[in-house]
Structure formats: structure tokens, C-alpha cells
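Chemist: Dropping the structure in here first, questions after.
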Amino acid sequence: MSLDEIRRRRNDRLEKGTDWERIGRWIKYSQSGIQKLQQELGVPEINPPPKPAEWLDVEVWRCNFPNPRIIECKEFTTGRLWHVRIHPEWRDRYKPRMKIKILANGERIATTRRPRERYKY
């Protein structure tokens, strides 16, 4: 859209002070103003809210990475492999086939808590 069309839509359909406000050279839109424009133009929400983190039951698959902060775990249900971030001083507590819980929050690397001792989570 051109700047003229944006200005025209803003002045015709939005309410100054509640939907938008001019601050110096900038025009700041409120949340309600953005929603009105999105509904009018048929544009879906650009940044959906992030998914909440979830705990997954996994099995330690591999611990012999050159990086002491990473271990590899396998999910029970899907068989998906996860790279899990750990503290380097905890590394000797993790052994293959050990069952742990990881916090997967949509990132490529998950995290976990510290095991009580070797083989005991």
C-alpha cells in the first residue's frame, strides 16, 4: 500500500487518541488500532504468541560430544532426537539409556535439570 492510502485509511476508519497517536515524527498504533487494520485488510496476525514450554520424557542417547555442554536424547513416543543443553560439570551424571525430562520450548536446543546422581534423575 502507498503512504497516501495508509494515511487515508487511518484518518477515515481509526480514531485519533485511542487507535493511533502522533509522537513527534512517528505514528504509534494501539493494539486495538492494529487489530482494526488487520481485520479490514484481511491480514493474519504477524507474530503469533509463542507456544508454552512443555516437559517431555526422553532417554539419553549419546553423551560423547566434543562440546561438554550438549547431550543427545531420544523421545519415547516419536523417536525424535533432541540436543539438550546441560552444565559441563553435570556431564558425568548422564549415561546412555538414562530416562530424564527435558524442557522443550520450540527452540532447537532443549534444557533439563540436574540429576541427583549418576543414573538417578
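The values are calculated or read from the model by the stated rules, or taken from the named source; none is laboratory data. Here the structure is a predicted model, which means the values were calculated and not measured. When we count neighbours, we look across all protein chains shown, and the Cβ atoms used for this are built from the backbone with ideal geometry, even at glycine.
Chemist: Kindly indicate whether R69 is under 22 Å from the mean Cα position of the chain (by Cα), surrounded by 11 or more Cβ atoms within 10 Å (Cβ to Cβ) and at pLDDT 90 or above.
Modeler: The answer is yes for R69.
Chemist: Is it fair to say W20 is hydrophobic (A, V, I, L, M, F, W, C), at pLDDT 90 or above and over 30 Å from H83 (Cβ atoms)?
Modeler: yes
Chemist: For region 56-69, which residues satisfy the criterion of being in a strand (DSSP E or B) and closer than 21 Å to R116 by Cβ?
Modeler: Selection gives L56, D57, V58, E59, V60, W61.
Chemist: Sticking with this structure for a sec: What residue, among those in region 87-118 that are in contact with a Lys or Arg (Cβ under 6 Å, 6 or more places away or on another chain) and in a loop (DSSP other than H, G, I, E, B), is surrounded by the most Cβ atoms within 10 Å (Cβ to Cβ)?
Modeler: Across region 87-118, the extreme among qualifying residues is P115.
Chemist: Let me ask you something else. Give the residues of region 80-120 that are modelled with pLDDT under 80 and within 14 Å of C63 (Cβ to Cβ), sorted by residue number.
Modeler: Within region 80-120, R118, Y119 qualify.
Chemist: Ok, one more. Name the residues in region 35-53 that are within 30 Å of P115 (Cβ to Cβ) and surrounded by 12 or more Cβ atoms within 10 Å (Cβ to Cβ), would you?
Modeler: Answer for region 35-53, where residues must be within 30 Å of P115 (Cβ to Cβ) and surrounded by 12 or more Cβ atoms within 10 Å (Cβ to Cβ): just A53.
Chemist: All but one of (1) of a type outside the set (D, E, K, R); (2) surrounded by 15 or more Cβ atoms within 10 Å (Cβ to Cβ); (3) assigned to a helix (DSSP H, G or I) hold for S32, so report the exception by its number.
Modeler: (2)
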